[in-house]
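For reference, the structure is listed below as structure tokens.
The values are calculated or read from the model by the stated rules, or taken from the named source; none is laboratory data. These figures come from a predicted structure and were not determined experimentally. Each accessible area value is taken on the protein alone, full model and side chains, heavy atoms only, with ligands, DNA and RNA left out. Shrake-Rupley method; radii C 1.70, N 1.55, O 1.52, S 1.80 Å.
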Amino acid sequence: MVGGATVIVGVIGNPIEHSLSPRMHNAAFEYLGLDYIYVPFKVLERDLTNAVRGARAFNLKGFNVTIPHKVSIIKFLGAVDFRARKIGAVNTVVNDEGKLLGYNTDGLGALAALREEGIDPEGRKILILGAGGASRAITFTLASICSKLTILNRTGIKAVQLAKELKNAGSKVDGKGLTLESLEKELIDSDILINTTSMGMYPNVEESPVPKEFLHKDLVVFDIVYNPLETLLLRNARNIGAKPINGVGMLVNQGAIGFKMWTGCEAPKNIMRKVVIESLLGRD
Ligand code: NAP
């Protein structure tokens, strides 16, 4: 129960009503018996300055940041870690006695999700679809680990630009337009396919960024979309004997990293996963 000493964390964004983070974190606090509460804060773009002032004034221990504030929050922070700075977006803030520190946990969350499924990207050839915010977080994390990274994006110039930013990251990186031709060619010798586009996300559940016939059974297919739990891309991957991984693991792991920063405790990831899956199954 909330008391005088309850520590407050939360998430700022707009829209915020559908965020799974409050349920996920509050279930974890309850499970560990921590006197914390996680609150959703709907914050309009024009109110971000006041929201950050409020977070400090109310002594929030930290907060997640979601659309549309992931980039614009940066100018309000006392420090931004090297990964978030490179990605150019912050999704987790820690209030260290009034100094707000910014992090981006999406890429590490995706890496942890792959590893939980027994997949080590080290030395593998990875094909990433999309060049938006999630793609930036994942590519900046994986580019120093895998052997080759190819980014395909509907707006080709964004993929080319992102590949350019990653050129000193360690692996061979290439970026180009997402077309049937580029997809077919790149998939032939790829080990891991990661979909970071919003294709296939509810309500567009009959969409897939990849024709079924381009998939092969030696492929790991990681779709970071988590609603629905099994996208058409993942269903096709499962049907041809490839390894499907959905977006729940990434969601839970990115949250678990923030949870540890705010509480100092290891997050009970199984509880968080259970709550996320139950919430998604209860939806349309
Ligand atoms: P974003 O910055 O808006 O980027 C969206 C990407 O999808 C862009 O590359 C865009 O291409 C592409 N795209 C959108 N519609 C498309 C279409 N019809 N055909 C081809 N490409 C299309 O969004 P984001 O923040 O990266 O999020 C992307 C997805 O990842 C969302 O579904 C989100 O829910 C999911 N996500 C999951 C997690 C997790 O924890 N599992 C975390 C973050 C995001 P253009 O550049 O050409 O527009």
Extension gain from GLU184 to ASP218, taking 0.36 nm per residue of separation minus the Cα-Cα distance: 10.7 nm
Distance from segment 69-141 to segment 208-225 (C-alpha centre basis), Å: 24
Difference of contour (0.36 nm per residue) and Cα-Cα distance, ARG56 to VAL2: 17.5 nm
Hull volume in cubic angstrom per residue (convex hull over the Cα atoms of segment 107-246): 91
Euclidean distance of C-alpha centroids, segment 27-43 and segment 155-193, integer Å: 39
Relative contact order (%) - segment 107-246, alpha-carbon pairs under 8 angstrom, separation at least six: 20
For segment 107-246: accessible area per residue (Å², 1.4 Å): 44
222 nm mean residue ellipticity, helices alone, for the chain (DSSP H n ≥ 4; -39,500 (n - 2.57); rounded to 500): -11000 deg cm²/dmol
DSSP bridge orientation in the chain - percent antiparallel, rounded to nearest 5: 20
Relative contact order of segment 127-174, pairs being alpha-carbon contacts under 8 Å that are 6 or more residues apart, as %: 44
Mean Cα-pair separation over length for the chain, i.e. relative contact order, pairs under 8 Å, 6 or more apart, %: 16
Length added when fully stretched, ILE240-ASN168, from 0.36 nm per residue minus Cα-Cα: 22.3 nm
The chain: equivalent-ellipsoid semi-axes (sqrt of 5 x gyration tensor eigenvalues, Cα, Å): 33, 21, 16
Surface share of carbon and sulfur [accessible, 1.4 angstrom probe, percent] for the chain: 53
